[in-house]
1. Applying the selection to the stretch 1-52, what residues are of a type in the set (Asp, Glu) and modelled with pLDDT of 95 or more?
2. Quick one: which residue in Trp47, Trp14 is within 22 Å of His146 (Cα to Cα) and part of a helix (DSSP H, G or I)?
3. Give all pairs with beta carbons closer than 7 Å in which a residue from the stretch 14-38 that is touching a residue at least 40 places away in the same chain (Cβ under 8 Å) and crowded, with 20+ Cβ neighbours inside 10 Å meets a residue that is not β-branched (Val, Ile, Thr) and not in a helix (DSSP H, G or I); count only pairs at least 6 apart in sequence or on separate chains.
4. Leu79 - would you say it is in contact with a Leu (Cβ under 9 Å, 6 or more places away or on another chain) and under 27 Å from Val19 (Cβ atoms)?
5. Tally up the residues in the stretch 64-111 that are acidic (Asp, Glu) and either over 24 Å from Glu10 (Cβ atoms) or not in a helix (DSSP H, G or I) (or both), please.
6. Taking the stretch 120-153 on its own, how many of its residues are under 22 Å from Ala77 (Cα atoms), in contact with a helix residue (DSSP H, G or I) (Cβ under 7 Å, 6 or more places away or on another chain) and of a type outside the set (D, E, K, R)?
7. Going residue by residue through the stretch 64-76, is there one that turns out to be free of Cβ contacts under 8 Å to residues at least 40 places away in the same chain, farther than 14 Å from Ser20 by Cα, among the aliphatic types (A, V, I, L, M) and touching a helix residue (DSSP H, G or I) at 6+ places or on another chain (Cβ under 7 Å)?
8. Say we look at the stretch 90-117 and pick out the residues that are within 15 Å of the chain's Cα centre (by Cα) and surrounded by fewer than 17 Cβ atoms within 10 Å (Cβ to Cβ); which of these is nearest to His4 (Cα to Cα)?
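The values are calculated or read from the model by the stated rules, or taken from the named source; none is laboratory data. From a predicted model like this one, the values you see are computed outputs, not experimental measurements. Here the Cβ positions follow ideal geometry from the backbone for every residue, glycine too, while neighbour counts run over all protein chains shown.
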Amino acid sequence: MTEHTRRLFEYNGWANREVSNSLKAAPEPPPSSVHILGHIVAAEWLWIGRLKRDQTAVVVWPQLTLDQCEVQFSDLARLWREYMNDLTIDGLIETVSYRTGAGEEFTNNVGDILSHVIMHGVYHRGQIARDMRMAGLEPPYTDYIHAVRNGLI
């Protein structure tokens, strides 16, 4: 496993916690933001399951509370750390075959899947930041370089 990939997942876990904590601290978090946060949780469960060849179905747009998101992000951070600890450089080019919720079959390599998980989270945390601003709230600063500069990861 590469150190860079491990750090990206450290960042992902940190950024998810920052957003979750910020929404929990808000007097009235935007419901759409909570819904998107639940989607981030579900997508991570989906992808870690696919990587571990677990065929358990995952609802990708669940209705989760902020407390449920917080607990599940904690569980996911642990699972990603464990997965990364076992991943080798050669493992990044191994392929994983899976079926989407629409029944389509795909095969991707592990490295591409891991990159997708990171980018998916960044994309949706950006949507949450927009929603928070539109609701008059200040979103957390979750830029990767901010986390690196401040020793947060």
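1. First pass over the stretch 1-52, keeping only residues of a type in the set (Asp, Glu): 3, 10, 18, 28, 44.
If the condition is that a residue be of a type in the set (Asp, Glu) and modelled with pLDDT of 95 or more, then Glu10, Glu18, Glu28, Glu44 are the ones that fit.
2. Details: Trp47 fails: within 22 Å of His146 (Cα to Cα).
Checking each option against the conditions leaves just Trp14.
3. Taking only residues 6 or more apart or on different chains, the pairs are Val19/Pro140; Ser22/Pro139; Ser22/Pro140; Leu23/Pro29.
4. Values: in contact with a Leu (Cβ under 9 Å, 6 or more places away or on another chain): no; under 27 Å from Val19 (Cβ atoms): yes.
For Leu79, the condition - in contact with a Leu (Cβ under 9 Å, 6 or more places away or on another chain) and under 27 Å from Val19 (Cβ atoms) - is not met.
5. Step one: list which residues in the stretch 64-111 are acidic (Asp, Glu), which gives 67, 70, 75, 82, 86, 90, 94, 104-105.
Still in the running and either over 24 Å from Glu10 (Cβ atoms) or not in a helix (DSSP H, G or I) (or both): 94, 104-105.
Residues in the stretch 64-111 being acidic (Asp, Glu) and either over 24 Å from Glu10 (Cβ atoms) or not in a helix (DSSP H, G or I) (or both): 3 in total.
6. Here is the first cut: in the stretch 120-153, the residues under 22 Å from Ala77 (Cα atoms) are 120-129, 139-153.
With in contact with a helix residue (DSSP H, G or I) (Cβ under 7 Å, 6 or more places away or on another chain) added as a condition, the list becomes 120-121, 124-125, 127-128, 139-140, 142, 144, 147, 152-153.
Checking the rest, the ones that are also of a type outside the set (D, E, K, R) come to 120-121, 124, 127-128, 139-140, 142, 144, 147, 152-153.
Total meeting the criteria: 12.
7. no
8. Keep residues of the stretch 90-117 that are within 15 Å of the chain's Cα centre (by Cα), which gives 112-117.
Of the ones still in play, those that are also surrounded by fewer than 17 Cβ atoms within 10 Å (Cβ to Cβ) are 112, 115-116.
On the way: Asp112: 14, Ser115: 11, His116: 15 Å.
Within the stretch 90-117, the match that is nearest to His4 (Cα to Cα) is Ser115.
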